[in-house]
Structure formats: C-alpha cells, structure tokens
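The block underneath contains the structure these notes are about, expressed in structure tokens.
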Ligand SMILES: [Fe+2]
C-alpha cells in the first residue's frame, strides 16, 4: 500500500509510487520508480514537490524515528491542484501571441530532445517534461490559440512543431474525456514524444519531397519501435512507450507495427492515432498542401477502419467542428474564416467574412459573431481553400 510522506524523508531504496502536487512541475518521465540515485531526490525537492507517496511493499519503509518526527510535525497539506494560470486569460489575439512566443522557444527545446536521441544521449526530462506542463497551461487558458498556432509549421521545424501540436491535441482530448491528472500527464508526454523514433530515421527520407519508395517506407515504418526502445531506455512510463509504439495502429488491424485491432489498441494509443493524423493532414508538407481544419475533420470522419469512431466524435468536440483558421460557407453565400470559437456552441464561432460567392470577388472584411442573438447568419459547411485558389488564410486570424 502506498503511504504519503514528506519529500524530506525520502531515502535511496524507497519505491516512489506517486509524486505530490500538480504534475505540471514533475521532472521525471515516469512517476513510479525505485529511488536509486541521490540526484533524483534532489530533483524532487528542487522541483518544489513537498509530498510523495511511497510503496513500502516494493522498497524501503520509513524508519520509526522518521514516522515519530512526522507525526509530531504534522505534514503540511498541499492543495491538490496548484493555480497555474496566475495571469488573467487575455483576448484571442493576446492568447495567440502568447502561444506563438511559447512555440518559438519550445520548438528549440524539442529539437534538442531529438538531437540528444540522435546522438544516443539520455533525454533531459527536466527540460522536456515541464514543456508538457507549459503546453497544458496554454491549453487550459485557450485551447484554440495553442492548437491553431502549433498547426503552422515550416519545412525545417515540422517534426518539432508536430510534437508540440500532438501534445496539445492529446491534452485537449484528455480534458474532454475527463481524465484524471495522472492520465492527462501521460497523454501529454506521450503526445510530445510519440514520434521520437524519427530522430533515428535517415533525414533524407524524412524530408524527401516526393513519394517514398517501398524500401524507404519500410525504413520509416520502423520509427514507432525505435521510439519505444529509446523511451524504454530512458525509463519512460509504460503508457508513454505504448503511445510511441502504437500510434500508427488502425482499428481494423491494418496498421503497424503490430497490426493490433479494436480495443487491443490502448485508449491512449487510439487517441495518439487521431491526434497524429489530424495534425499531419492539416500541416503543409513538402509533398502536399495543408488541409483546412474543418475539411480535414469531415474527411477523417468518413475514413473506414482507421480510427475509433466514438473517440473521434469526442476529439471533434475537443477541437470544435470549425477550428480557428477554417474556411466556411455562410448562409449569406459568402466565405469566411473562423477567428474565434463560439463560447456555447461549436456551430457558432466568430468569423471574418471576406469573399462573395455570387460575385466571385473579395469584399470588405467584416467580423460576425454567429452566436450573437441578433445574428441570423449560419454556417452551411466547410469549404476547401484550394478549390477557391486561396493560398493562405492565416493573416485573417494570426
Ligand atoms: Fe509516427
């Protein structure tokens, strides 16, 4: 059975069952492990974690002297969840700006993580795990802002921004599924690290602009196993390893590497599959244009046998039917870009109208809040920007 002790009581040989306080500050790739290194105790204390749970059946117990001292001193109760968003949440523009600044700095840290793996070095979890905490904070503040910004990638930062985006999508989906703190953290860490195996794949294949040959496909398909091995070596939690290993499985059994089907694929891995594909198709790649977000949702919903359909419906709820940046056709026969999600309804976001379908011409940009009681305009459906020859719609919301 796990018992709660003060972090100052930790000794080598104790088995860590769970770290106390908010997970956002936890500096480890897993929360259950045997304490074998004094540095780990120092890291726990340095991270400001005041209480921990130890499992006395798997490691050393507290000494009698310590128990007496603790009973006398009484443990200081920590609040279960820390208030992390101390600064008031700003407007959509402000939160997009905050997300942009974060992504610019964070992608460098994710790049370092990939470089460490490439060089066969240990992953510095003190840098990477708090990143997941920061992404969680941004998701809590304004999920649409971080999700929209993380969707934008360049050729060079694709893999790193994809890791951040999948992490944010996983956290957002975890909230929609009412995950507890521990499961939420695992989903986030797994999202950030799901493609870590790509660090060990030849760059010329990963950045090849054209179609891959069969032999190149075989090579790239090794990345889930390669990532899982690296994570195992770094002592990651089994759930995080599972996400890396099985995010390319499909519910009909036609995925890889193990051809798992249905519920044999864990919930976290099924979540990973959806978040990974959504971010990949809505990102620009050397060989394809980025799909419009709501168009991508509509297309993915029609794919048979790829995703867990029920889970996909929850995913759509988590990101909205018309995510920020989507091109939509209005009942007034005009085209608009979604700039802010609707507060109460997924179907009634704030949009910027900029194009007349009948006149086939740009019109003066106007912001409409479809949720406003006086507004009679509705969305008829998503539109494919390519069909209209729109190169970029980002300037409308970024
Ligand atoms: Fe992958």
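Here, each number is a calculation from the coordinates, and none is a lab measurement. If you're wondering where the values come from, they're calculated on a predicted model, not measured in any experiment. Neighbour counts are summed over all protein chains in view; Cβ atoms, including those assigned to glycine, are modelled from backbone coordinates with ideal geometry.
Would you mention how many residues in the range 130-152 are more than 14 Å from the chain's Cα centre (by Cα) and either surrounded by 24 or more Cβ atoms within 10 Å (Cβ to Cβ) or not in a helix (DSSP H, G or I) (or both)?
Qualifying residue count, the range 130-152: 1.
Just to be sure before I move on: is residue 238 farther than 27 Å from residue 361 by Cα and within 16 Å of the ligand (Cβ to nearest atom) in the structure I sent?
Values: farther than 27 Å from residue 361 by Cα: yes; within 16 Å of the ligand (Cβ to nearest atom): no.
Taking the combined requirement at face value, the residue does not satisfy it.
Of all the residues that make up the range 355-378, how many are within 16 Å of residue 343 (Cβ to Cβ) and not in a loop (DSSP other than H, G, I, E, B)?
3
Just a yes or no: is a residue in the range 265-274 under 27 Å from residue 326 (Cβ atoms), within 11 Å of the ligand (Cβ to nearest atom) and within 16 Å of the chain's Cα centre (by Cα)?
yes
Surrounded by fewer than 16 Cβ atoms within 10 Å (Cβ to Cβ) and under 30 Å from residue 20 (Cα atoms): which single residue out of 214, 180 fits that description? Before the answer, list the steps.
Values: 214 fails: under 30 Å from residue 20 (Cα atoms).
Only one candidate passes the filter, namely 180.
With (1) in contact (Cβ under 8 Å) with a residue 60 or more places away in the chain; (2) crowded, with 19+ Cβ neighbours inside 10 Å; (3) more than 20 Å from residue 93 (Cα to Cα) as the list, and residue 337 as the residue in question, which single condition is left unmet?
It fails just one condition, (3).
Please count how many residues of the range 29-46 are in contact (Cβ under 8 Å) with a residue 60 or more places away in the chain and under 18 Å from residue 4 (Cβ atoms).
So in the range 29-46, the residues in contact (Cβ under 8 Å) with a residue 60 or more places away in the chain come out as 29-33, 43.
Remaining after also requiring under 18 Å from residue 4 (Cβ atoms): 31-33.
Matching residues across the range 29-46 total 3.
Residue by residue, here is whether (1) within 14 Å of the ligand (Cβ to nearest atom); (2) closer than 16 Å to residue 273 by Cβ holds:
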{"position": "204", "(1), (2)": "no, no"}
{"position": "211", "(1), (2)": "no, no"}
{"position": "226", "(1), (2)": "yes, no"}
{"position": "233", "(1), (2)": "no, no"}
{"position": "246", "(1), (2)": "yes, yes"}
{"position": "251", "(1), (2)": "no, yes"}
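Hey, can you tell me all the residues within the range 161-179 that are at negative phi and either more than 12 Å from the chain's Cα centre (by Cα) or not in a helix (DSSP H, G or I) (or both)?
Of all residues in the range 161-179, those at negative phi come to 161-177, 179.
Listed by number, the residues that qualify are 176, 177, 179.
How do the pairs read when you match residues in the range 182-204 that are touching a residue at least 60 places away in the same chain (Cβ under 8 Å) with residues anywhere that are outside any helix (DSSP H, G or I) and within 12 Å of the ligand (Cβ to nearest atom), using Cβ under 6 Å and keeping only pairs 6 or more apart or on different chains?
194/247
With within 16 Å of the ligand (Cβ to nearest atom), farther than 25 Å from residue 305 by Cα and surrounded by 15 or more Cβ atoms within 10 Å (Cβ to Cβ) as the only criterion, which of 196, 169 stands out?
Numbers: 169 fails: farther than 25 Å from residue 305 by Cα.
Sole residue among the options that is within 16 Å of the ligand (Cβ to nearest atom), farther than 25 Å from residue 305 by Cα and surrounded by 15 or more Cβ atoms within 10 Å (Cβ to Cβ): 196.
Among the residues of the range 153-165, is there at least one that is in contact with a helix residue (DSSP H, G or I) (Cβ under 9 Å, 6 or more places away or on another chain), within 18 Å of residue 22 (Cβ to Cβ) and surrounded by 20 or more Cβ atoms within 10 Å (Cβ to Cβ)?
From the range 153-165, those in contact with a helix residue (DSSP H, G or I) (Cβ under 9 Å, 6 or more places away or on another chain) are 153-154, 157-165; that's our starting set.
Filter once more, so that each one left must be within 18 Å of residue 22 (Cβ to Cβ): none.
Taking every residue of the range 153-165 in turn, none turns out to be in contact with a helix residue (DSSP H, G or I) (Cβ under 9 Å, 6 or more places away or on another chain), within 18 Å of residue 22 (Cβ to Cβ) and surrounded by 20 or more Cβ atoms within 10 Å (Cβ to Cβ).
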